[in-house]
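Colleague: Have a look at the structure that comes next, please.
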Amino acid sequence: MQRRLRPLLLWVIGMALPLAADAEWRLSDICPAGFHSRDGGCYLQSFYSGYASLQESGVGGLKTGMPPLREGFTAQQIDLGRLLFFDPLLSVDGDMACSSCHQPARGFTDGLAGSVGRHGEAMHRSAPTLWNVGFLRELFWDARAKSLEEQMKGPLFSQEEMANTPAQLLKSLQDNANYEELFKQAFNDEPLSLGQVYTALAAFQSSLVSLGSRYDLYANGFHEVLTQPEIEGMNVFRSFVARCAECHTPPAFTNQQIAVIGTPEPEGAALDPGVQAITGDASQRGGFRVPTLRNIELTAPYMHSGRFKTLRETVAFYTGGRGHAVPKGEHLSLHWHIWEPDLTDHELDLLVAFLKTLTDQSFMPVLPAKVPSGLTPVATQILTH
Amino acid sequence: MTKIIPLGLLWLSLLVAAPSLMAAEISVKDGESIQGAVNKAETGDVILVYPGTYKESVYVDKDGITIRGVVQDGEWPVMEGEGKRNDAILYSGNDFTVEWLTITHYKGNAIMGQAGNNFVIRYNRVIDTGVYGIFPQFGKNGLIEYNVLSGIEDAAIYVGMCDNVDVRHNEVFDNVAGIEIENTRHALVENNYAHDNTAGLLVFITPGLPIKTTFDVILRNNFVVNNNTANFGAPGSIVSKVPAGIGIVVMAADDVVVEGNIVSGNKTAGIVVTDLAFITDISSDPESEPNPDRMVFLDNLMFDNGADPVADVKALMLTQFSRSGPDILANLGSAQEPDNCIINRERYTSFGVKKWSECERKDTADITTMRIPGGAPNEVVTTENRTKLLYQGICAGCHAYNMRMIGPPTLTVQALYRNDPQGIADYIAAPHKVRTDYPAMPPQGHLSPDLRREVAEFMLNVTK
């Protein structure tokens, strides 16, 4: 009797355990907004799909092709990445997800000058937006990661952030029957691996495309959608006086280069050496990758240090004089486009008006109400539409 | 699906190829606004600007527009920046032509392109504008000819990050840099007169730009004379670091032919070939290849160069027991290597060309232009095809013809709204939830009622 019951009991308990695969967990087989299914992968269809760019550089003017996008992931991989992104199971304490610092409601940033780390301490750089991140060749403010896969090992395994270990991360996913099942759906029944986690997160992040702003309508011939002050702001932006477009070059609004522009650190903080800390090259001291300005309205505070609270303060930096915020005794090889443009107050207002035309969240992914771990998904409260 | 754009554009390019069918002339008289005319203009139109003073900045974000000054009895149309306006002409459209204008006193550039293929910039006079005179950027296939430019604190003509450009018959003087070819491929600089600048002709790679190379450049039959003006470039600018008295500078560029030029009276040196170390205190860029490779120096007439060289060059020349500067100075490392070549080297005072080989080719007579026969292919947007572009750019991201995407198939929508485009136009302004198994559709309220109606009609007529 006893002997016969045991397996049965185990089976019953197994059923009751929350780890059991839940029938409701199925990955979407439909590509996300903006993406078409082709040969089993998802490919972007946008205003810019039909345009070329000089030397395929993805920089130019209004009607220029975007830089190459990481695309071709399957709908299932993208959908799995979406669940992982919001699931605090990925952190060692089970309380932090990617979305803790990259919150959809804040343009996939956290609204902080320095993100809050694992034990509540402020980190010294601000979380960048993830909109259009799949178009970037190099990641982080100092360009130290060459792919999304490489980048995410930063937050996942850094003691300051999610503080996981590769082994622990893999185990927590394997121990979860829902994930076991979902990874199978996304990766042809192959055994669950960390590489799949990275692929899925990269796939999801690359689907965060924002190319349908009012600016984009203007660029594609719908001149009436911008107001006169916004058009004037655009002209200041691309003028050779303000020179914003020389670095924040359309259509991505970044030329993806490193520039030393000499922005100030928060009161009392030491100069962030930026790229120099990675390469050891003194001429790159204070160098940062030019950030995109798409959805910039949503991602205050600004600059690597989050030093500026408003867009108005941020754009005023550029007319403060070449090197005005460089600490005494520091020598920075400032970029030649940082000069003395003598922009008027009115022009600064126009610039801000223009920057706000770059807002577009129409491809906001569906924010999950629950995640496979059964933990509470992070920062999914606000839906924009 | 993506194929639809090129097809639609192909159809358009047929229209554009015969602009005379639809081209209109729009006149602008003194007291009127050039921008006003641009706003009215359509692809193929010519805007005629009559003599007068035009105090405005003009931007052209349409394809196939020509702005043509009308010069009458020596009176020119003048664009006047009064030292406070940014740029005189800013274009992004393809097939843009600007000619017969006098442009003066702008803070930024006189004529600036940002993308825009097949540009033509000619017969303009540019006097004392701020940074650059003529500056096409990110353009493919262009012509810059018969312009006269002076008093510019950076480059008078600056071809930056372009492909396939001819620069010819221009006069540039009293500028910091005369003509600059930078991070550009396939350029012909011919029959120009560059005098009394800080430096006459410059062929450069600037590090830190998104397009990294300069190669296949011909400098031919130019007068490059007396470029000795003290450098008045803005502090921090790249040209502010160029020493005065240089005829031609080639920095880090590859495959540069120098032929048939008259280079004289430049007090530091006639021609300098150098690597990126020439420009100091600039953030380094590992992706910019620093060495000048494969120079081809054919016959040139050079004399009286280097009469009073800057200190560095004087010191260098003293190592050759010469107190005056050189016609040719191949400065540093790879500039002196045998992948470079020269003919009749004995005619010139030179430094650093000892190892250069003898050129096989003796002239470039076979090359008459660097432009692309028939022009660069363009994606032309006109008022006729923009609704299609809107549908492709926005709606088709979520609606496929007969397949479920994020949104329901277009066929389904067509069945629902058969004769009711206004119904669609109203729905998309503020979509409500219809289907439980679909996400909500994002509102398109930023589109005007007219645009929503246009795109709705388009959606009802989509057939594949």
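The values are calculated or read from the model by the stated rules, or taken from the named source; none is laboratory data. Please read all numbers here as calculations on a predicted model, not as lab measurements. Here the Cβ is made from the backbone with ideal geometry for all residues, glycine too, and neighbour counts use every protein chain on show. Surface accessibility is based on the protein's heavy atoms, side chains included, excluding ligands, DNA and RNA. Shrake-Rupley method; radii C 1.70, N 1.55, O 1.52, S 1.80 Å.
Colleague: Restricting the search to segment B:38-80, which residues are of a type in the set (A, V, I, L, M, F, W, C) and either farther than 19 Å from B:Gly113 by Cα or touching a Cys at 6+ places or on another chain (Cβ under 9 Å) (or both)?
Modeller: B:Leu48, B:Val49, B:Val70, B:Val71, B:Trp76, B:Val78
Colleague: Pick from B:Val249, B:Val239: which is open to solvent by less than 10 Å² (accessible area, probe 1.4 Å), of a type outside the set (S, T, N, Q), more than 27 Å from B:Thr368 (Cα to Cα) and in the same structural domain as B:Ala269 (by TED's automatic domain parsing)?
Modeller: Criteria check complete, one pass: B:Val239.
Colleague: Right, another one. When residues of segment B:424-462 are filtered for being outside any helix (DSSP H, G or I) and either aliphatic (A, V, I, L, M) or outside the structural domain of B:His399 (by TED's automatic domain parsing) (or both), how many remain?
Modeller: The number of residues fulfilling the criteria is 6.
Colleague: Can we say B:Val224 is assigned to a strand (DSSP E or B), touching a Phe, Trp or Tyr at 6+ places or on another chain (Cβ under 7 Å) and either open to solvent by less than 10 Å² (accessible area, probe 1.4 Å) or among the aromatic types (Phe, Trp, Tyr) (or both)?
Modeller: So B:Val224 fails the test.
Colleague: Could you look through segment B:115-134, keep only residues that are more than 16 Å from the chain's Cα centre (by Cα) and open to solvent by less than 10 Å² (accessible area, probe 1.4 Å), and pick out the one that is nearest to the other protein chains (Cβ to nearest Cβ)?
Modeller: B:Thr129
Colleague: Report whether or not A:Gly134 is farther than 20 Å from A:Ala379 by Cα, crowded, with 22+ Cβ neighbours inside 10 Å and at pLDDT 95 or above.
Modeller: For A:Gly134, the condition - farther than 20 Å from A:Ala379 by Cα, crowded, with 22+ Cβ neighbours inside 10 Å and at pLDDT 95 or above - is met.
Colleague: Another question, then. A:Glu149: in a loop (DSSP other than H, G, I, E, B), surrounded by fewer than 19 Cβ atoms within 10 Å (Cβ to Cβ) and either in contact with a Phe, Trp or Tyr (Cβ under 9 Å, 6 or more places away or on another chain) or acidic (Asp, Glu) (or both), yes or no?
Modeller: No: the conditions fail for A:Glu149.
Colleague: Of all residues in segment B:266-278, how many are open to solvent by 10 Å² or more (accessible area, probe 1.4 Å) and either farther than 26 Å from B:Thr364 by Cα or β-branched (Val, Ile, Thr) (or both)?
Modeller: So the count comes out to 4.
Colleague: If only one of B:Pro373, B:Pro409, B:Pro431 is surrounded by fewer than 16 Cβ atoms within 10 Å (Cβ to Cβ), within 12 Å of another protein chain (Cβ to nearest Cβ) and modelled with pLDDT of 90 or more, which one is it?
Modeller: Sole residue among the options that is surrounded by fewer than 16 Cβ atoms within 10 Å (Cβ to Cβ), within 12 Å of another protein chain (Cβ to nearest Cβ) and modelled with pLDDT of 90 or more: B:Pro409.
Colleague: Right, another one. Quick check on segment B:339-355: of everything there that is part of a loop (DSSP other than H, G, I, E, B) and in contact with an Asp or Glu (Cβ under 8 Å, 6 or more places away or on another chain), which residue is farthest from B:Val217 (Cα to Cα)?
Modeller: The qualifying residue farthest from B:Val217 (Cα to Cα) is B:Thr349.
Colleague: Yes or no: A:Thr380 surrounded by 19 or more Cβ atoms within 10 Å (Cβ to Cβ), in contact with a helix residue (DSSP H, G or I) (Cβ under 7 Å, 6 or more places away or on another chain) and either among the basic types (Lys, Arg) or within 11 Å of chain B (Cβ to nearest Cβ) (or both)?
Modeller: Judged against the criteria, A:Thr380 is not a match.
Colleague: Any residue at all in segment A:206-225 that's buried (at least 22 other Cβ atoms within 10 Å of the Cβ) and away from chain B (no Cβ under 14 Å)?
Modeller: For segment A:206-225, residues buried (at least 22 other Cβ atoms within 10 Å of the Cβ) and away from chain B (no Cβ under 14 Å): present.
Colleague: Given the conditions (1) more than 13 Å from chain B (Cβ to nearest Cβ); (2) open to solvent by less than 30 Å² (accessible area, probe 1.4 Å), report the number of the one that A:Lys370 does not fulfil.
Modeller: (2)
The rows are residues; the columns are (1) buried (at least 22 other Cβ atoms within 10 Å of the Cβ); (2) in contact with an Asp or Glu (Cβ under 6 Å, 6 or more places away or on another chain).
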position	(1), (2)
B:Ala156	yes, no
B:Asp174	no, yes
B:Ala177	yes, no
B:Arg185	yes, yes
B:Val203	yes, no
B:Lys212	no, yes
B:Phe215	no, yes
B:Ile218	yes, no
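Colleague: Which one of the conditions (1) of a type in the set (A, V, I, L, M, F, W, C); (2) more than 43 Å from the chain's Cα centre (by Cα); (3) more than 13 Å from chain A (Cβ to nearest Cβ) does B:Val462 fail to meet, given that it meets all the rest?
Modeller: The single condition B:Val462 does not satisfy is (2).
Colleague: Need pairs with beta-carbon distance below 9 Å; first residue over 8 Å from A:Phe73 (Cα atoms) and touching a residue at least 40 places away in the same chain (Cβ under 8 Å) and within segment A:36-47, second open to solvent by less than 20 Å² (accessible area, probe 1.4 Å) and acidic (Asp, Glu); sequence gap 6+ or separate chains.
Modeller: A:Ser46/A:Asp216; A:Phe47/A:Asp216
Colleague: Only one of (1) assigned to a loop (DSSP other than H, G, I, E, B); (2) within 8 Å of chain B (Cβ to nearest Cβ) is not met by A:Asn188, so which one is it?
Modeller: If we test A:Asn188 against (1) assigned to a loop (DSSP other than H, G, I, E, B); (2) within 8 Å of chain B (Cβ to nearest Cβ), just (2) comes out false.
Colleague: Going through B:Val258, B:Val313, B:Val272 one at a time, which residue ends up being in a helix (DSSP H, G or I), in contact (Cβ under 8 Å) with a residue 24 or more places away in the chain and of a type outside the set (Phe, Trp, Tyr)?
Modeller: B:Val313
Each row is one residue, and each column tells you yes or no for (1) more than 14 Å from chain A (Cβ to nearest Cβ); (2) within 18 Å of A:Ser239 (Cα to Cα).
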{"position": "B:Ile47", "(1), (2)": "yes, no"}
{"position": "B:Tyr54", "(1), (2)": "yes, no"}
{"position": "B:Ile65", "(1), (2)": "no, no"}
{"position": "B:Asn94", "(1), (2)": "no, no"}
{"position": "B:Gly108", "(1), (2)": "no, yes"}
{"position": "B:Gly113", "(1), (2)": "no, yes"}
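Colleague: Looking only at segment A:343-367, how many residues end up being free of Cβ contacts under 8 Å to residues at least 60 places away in the same chain and either facing chain B (nearest Cβ under 9 Å) or assigned to a loop (DSSP other than H, G, I, E, B) (or both)?
Modeller: Here the count works out to 1.
Colleague: Can I ask one more? What do you reckon, is B:Pro421 over 12 Å from B:Met459 (Cα atoms), surrounded by 16 or more Cβ atoms within 10 Å (Cβ to Cβ) and outside the structural domain of B:Lys62 (by TED's automatic domain parsing)?
Modeller: Answer is no for this residue.
Colleague: Specify the residue that is nearest to A:His337 (Cα to Cα); the eligible residues are those in segment A:254-276 that are without any contact (Cβ under 8 Å) to a residue 40 or more places away in the chain and more than 10 Å from every other protein chain (Cβ to nearest Cβ).
Modeller: That would be A:Pro273.
Conditions (1) in contact (Cβ under 8 Å) with a residue 40 or more places away in the chain; (2) closer than 22 Å to A:Phe73 by Cα, marked per residue:
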| residue | (1), (2) |
| --- | --- |
| A:Lys171 | no, no |
| A:Asp175 | yes, no |
| A:Tyr179 | yes, yes |
| A:Asn188 | no, yes |
| A:Leu194 | no, yes |
| A:Leu208 | yes, yes |
| A:Ser213 | yes, no |
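Colleague: I'd like the residue in segment A:37-77 that is within 12 Å of chain B (Cβ to nearest Cβ) and among the β-branched types (Val, Ile, Thr) and, out of all such residues, is farthest from A:Ala245 (Cα to Cα).
Modeller: Top of the filtered list is A:Thr64.
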